[in-house]
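Okay, structure first, notes after.
The values are calculated or read from the model by the stated rules, or taken from the named source; none is laboratory data. What you are looking at is a predicted structure, and each value in this text was computed from that prediction instead of being measured. We place every Cβ from the backbone using ideal geometry, glycine too, and count neighbours over all the protein chains shown. Accessible surface areas use protein heavy atoms only, side chains included; no ligands, DNA or RNA. Shrake-Rupley method; radii C 1.70, N 1.55, O 1.52, S 1.80 Å.
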Amino acid sequence: MKLLEERILQEGIVLGQDILKVDGFINHQIDIGLMEELGKDMAEHFRAQGITKVFTIESSGIAPALFTAKYLNVPMVILKKQVSKNLRTEVWQTEVASYTKDVSYELTLAKNYISDMDHILIVDDFLANGEAATGAVRLIRKAHATVAGVGVLIEKVFQPGRSKLESQGIQVYAQASIRAFENGQVIF
Ligand code: 5GP
């Protein structure tokens, strides 16, 4: 999407070889108007698929997932990285390696927010190695629900996330696809 690409070019900061910092409008401060446009576009892309719920992974996927769910008129569910003591219910869990934080966590979903009738769209901010998204897919499949696709704001195509997902038969939609970082510049 032009809107997102332009914003990345204006405000994105390339860190090292493979990290894009977008704290000013996605990861720390959030541009709500931009998130709504991205959510609307995401919903339009997947509208024909009969989606029953939008899932996201806390915390940076929440904003775009919220607007995607709003425009699909379905509930949004947040997959937790840390299990709260308040979550006194049965859960599905799977271990995921975090790309930016170099640790792993138990992705967790209360069993009462998924059923085998659900057809689920996963929305996240970035697709890099695909660990977060494939973890979400594993959880959904453990619950015998189905995956409609994975929608991300930003995909780094030089990392293997898309191929990991597509090799499992999962449709991927990225609103901005970054081909490379060259001398600190983003190349789409
Ligand atoms: P993956 O599991 O696909 O390797 O990484 C996905 C997660 O790592 C995203 O949810 C995002 O939070 C984080 N991430 C991966 N690459 C980047 C990046 O270049 N910039 C930022 N800000 N986050 C990233």
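Table for the structure above
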quantity	calculated
Value of [θ]222 nm, deg cm²/dmol, for the chain, DSSP H segments ≥ 4, -39500 (n - 2.57) each, nearest 500	-8500 deg cm²/dmol
Angle in degrees between helix 2-11 and the longest Cα principal axis of the chain, rounded to the nearest 10	60 degrees
Angle between the chain longest axis and helix 62-72 axis [Cα atoms, degrees, rounded to 10]	70 degrees
Carbon/sulfur fraction of accessible area - segment 2-187, other protein chains in place, 1.4 Å, %	49 percent
1.4 Å probe accessible area per residue over the chain, in Å²	50 Å²
Amide H contacts of Gly151 (H built 1.01 Å from N, under 5 Å, at least 5 apart or other chain)	Ile122, Val123, Asp124, Tyr173
Sparse-neighbourhood loop sites, trypsin sites (Lys or Arg not before Pro) in segment 107-188 - DSSP loop, at most 12 other Cβ within 10 angstrom	Arg179
Intensity falloff of the chain expressed as log10 I(q)/I(0), Debye formula with alpha-carbon point scatterers, at q = 0.09, 0.16, 0.17 Å⁻¹	-0.30, -0.98, -1.11
In segment 48-130, GluC sites (Glu not before Pro) in a DSSP loop with at most 10 other beta-carbon atoms within 10 Å	Glu90
Mean separation of Cα contacts under 8 Å (6+ apart) over length of the chain, as relative contact order %	19 percent
Cα long-axis angle, helix 131-142 against the chain (0 to 90 degrees, to the nearest 10)	20 degrees
Accessible surface of Tyr113 - all protein chains present, 1.4 Å probe, nearest 10 Å²	120 Å²
